[in-house]
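The values are calculated or read from the model by the stated rules, or taken from the named source; none is laboratory data. All values reported here derive from a predicted model rather than from experimental measurement. Here the Cβ is made from the backbone with ideal geometry for all residues, glycine too, and neighbour counts use every protein chain on show. Note: areas computed on protein heavy atoms with side chains; ligands, DNA, RNA excluded. Shrake-Rupley method; radii C 1.70, N 1.55, O 1.52, S 1.80 Å.
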Amino acid sequence: MGIFKDDDESKELAENMTKQTEDQDLSSLFQEDDSTEAEALDDANVDKDLLDQIFSGDQNDSDDLDKELEAQFAEDNTDDSLDDDLDKLLGEIESIEDAAKESAAKEETKMNKKKKKEKKQPEPVVEETPVEEPKKEEKEETTVSSDATTVISEGTTIEGGITSEVSIEVMGTIKGDIESKGKVAINGTVNGSVTAAEIYVNTPRLEGALCSEGTVQISDGTVVVGDIIGASAYIAGAVKGNIDVNGAITLDSSAIIKGDINAKSIQVNEGAILDGHCILSYSDIDIDAVFEEKK
């Protein structure tokens, strides 16, 4: 029994010693770990400072590099803009040169055509003109407008004949002959013959011959005592005298003719009175040949 008791004590003592030993080992282990962690932290701080120095240096270098790149990029852009300006200037110079060449070619073509024309045209022959003696001054002939008209107004009386280069319109009284290179329109009183390019009579009575290179017109209500000569005639009034017209003559329904008519053709409207002979001597048809017996 005593033996086993001693064994139990010995065993308990051994366990206590073993536990103390383990506790010392653990404490020493934790002490080592703490020192190791401290050393690790110190090393980490050193490494952090070193890294900060390294990265701060790298950041400065990066900033310097960025500035250099920006400067290089700006320089490259400047070079590109200069190249663009140079290309534009060269293009303008080329366009100006092309325009100058085209203008020179056109001018040369014109000169060649002009030279050809000058070669074709014969040289003018210079003739000596004799010196003419100075001529005497001649009176300038005044030209009168054909639209001009001389008007003999109402209430005006002319004793004697009248001659005019222009047309005449008679509203007053003329006791004499009238000669005109234009037209004569008689609305007043005329005692005399009338000679004109055309004659228009619209007056109650006219005593005198009418001679015209153109038309003679006698209005309704007018009485003419005298012969009539003209290129054509239109008569609506009364005429006492012979009528010689180398053209056509028309007798209106109110016409009264006492005398012979010689014309190229005649038209007599219904109601007209003709006391005389009609001869168509100016006709293109040989009237006598029509009635000759054909053999």
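Key figures
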| quantity | calculated |
| --- | --- |
| Sole exception among (1) part of a strand (DSSP E or B); (2) surrounded by fewer than 19 Cβ atoms within 10 Å (Cβ to Cβ) for residue 220, by number | (1) |
| Scan of region 164-182 for residues that are more than 17 Å from residue 200 (Cα to Cα) and not in a loop (DSSP other than H, G, I, E, B), ordered by number | 175 |
| Flag if residue 240 is modelled with pLDDT of 95 or more and of a type in the set (D, E, K, R) | yes |
| Residue check for residue 203: touching a Ser or Thr at 6+ places or on another chain (Cβ under 9 Å), open to solvent by less than 40 Å² (accessible area, probe 1.4 Å) and assigned to a loop (DSSP other than H, G, I, E, B) | yes |
| Number of the condition not met by residue 175 [criteria: (1) surrounded by fewer than 18 Cβ atoms within 10 Å (Cβ to Cβ); (2) within 53 Å of the chain's Cα centre (by Cα); (3) of a type in the set (Lys, Arg)] | (2) |
| Options 207, 179, 165: the member that is charged (D, E, K, R) and over 28 Å from residue 260 (Cβ atoms) | 165 |
| Residue pairs meeting the criteria (Cβ under 6 Å; at least 6 apart or on separate chains; first more than 14 Å from residue 229 (Cα to Cα), in region 191-206; second open to solvent by 60 Å² or more (accessible area, probe 1.4 Å) and of a type in the set (D, E, K, R)) | 191/175; 191/207; 192/177 |
| Region 239-267, subset open to solvent by less than 80 Å² (accessible area, probe 1.4 Å) and β-branched (Val, Ile, Thr), residue nearest to residue 203 (Cα to Cα) | 239 |
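Each row is one residue, and each column tells you yes or no for (1) hydrophobic (A, V, I, L, M, F, W, C); (2) at pLDDT 95 or above.
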residue: 229; (1), (2): yes, yes
residue: 233; (1), (2): yes, yes
residue: 252; (1), (2): no, yes
residue: 262; (1), (2): no, yes
residue: 280; (1), (2): yes, no
residue: 290; (1), (2): yes, no
